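Chemist: What follows is a single structure, and I will ask about it in a moment.
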Amino acid sequence: MMKVGKILFRTGAAVAVAFLIGLTPANGGGPNLAMLDTIDSGAWELRVREPGGAPQRMCIDNGRKFIQLRHQTDYCDRFVVEDSASDVTVQYTCRGRGYGRTHIRRETNRLLQIDSQGIARGLPFEFTAEARRVGDCGS
């Protein structure tokens, strides 16, 4: 009985500490990442700032897709670190597949600055990129 109480207390304390330092679940109950919902859907060009990095085109239906660029197909647990009108920072963990932390700064609804780092496929990654809306999907 005592052990269960301690586990519950520790879990409650961890949630309280996470709340106090600004880490809240991205799904339900916490910040809603509204800034990413204002991003225009369509065809976007992602230019990673590194030597030899070729621009990538992607069809985006929701600005939240920019959070997990190195874990696009993975289901990951997300925690919102910052959620403001022009900046979003999200930390995510993809159990058994890696993790990341992404900061997105909106210049306009068609231009974003992205900084991301973490581990994907067992290897570290870190990049900065500019994402720019270039048209409609399929054009």
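The values are calculated or read from the model by the stated rules, or taken from the named source; none is laboratory data. Quick caveat: nothing in here was measured; it's all calculated off a predicted structure. Don't worry about glycine lacking a Cβ; one is built from the backbone with ideal geometry, like all the others, and counts go over all protein chains shown.
Chemist: Of the residues in the range 58-82, how many are among the charged types (D, E, K, R) and either loosely packed, with under 12 Cβ neighbours inside 10 Å or in contact with a helix residue (DSSP H, G or I) (Cβ under 7 Å, 6 or more places away or on another chain) (or both)?
Modeler: Counting residues in the range 58-82 that are among the charged types (D, E, K, R) and either loosely packed, with under 12 Cβ neighbours inside 10 Å or in contact with a helix residue (DSSP H, G or I) (Cβ under 7 Å, 6 or more places away or on another chain) (or both) gives 2.
Chemist: Condition first: without any contact (Cβ under 8 Å) to a residue 12 or more places away in the chain and in contact with a Leu (Cβ under 9 Å, 6 or more places away or on another chain). Now tell me which residues in the range 42-92 satisfy that.
Modeler: Passing the criteria: 55, 56, 65.
Okay, residues lined up against (1) at pLDDT below 95; (2) at positive phi; (3) not in a strand (DSSP E or B):
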position	(1), (2), (3)
50	yes, no, yes
58	yes, no, no
65	yes, no, yes
70	yes, no, yes
85	yes, no, yes
88	no, no, no
101	no, no, no
115	no, no, no
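Chemist: Any residue at all in the range 119-129 that is under 13 Å from the mean Cα position of the chain (by Cα), closer than 20 Å to residue 75 by Cα and touching a residue at least 24 places away in the same chain (Cβ under 8 Å)?
Modeler: Checked the range 119-129: no residue is under 13 Å from the mean Cα position of the chain (by Cα), closer than 20 Å to residue 75 by Cα and touching a residue at least 24 places away in the same chain (Cβ under 8 Å).
Chemist: Now a separate question. Given the structure, is residue 128 closer than 19 Å to residue 60 by Cα, polar (S, T, N, Q) and surrounded by fewer than 15 Cβ atoms within 10 Å (Cβ to Cβ)?
Modeler: Yes: the conditions hold for residue 128.
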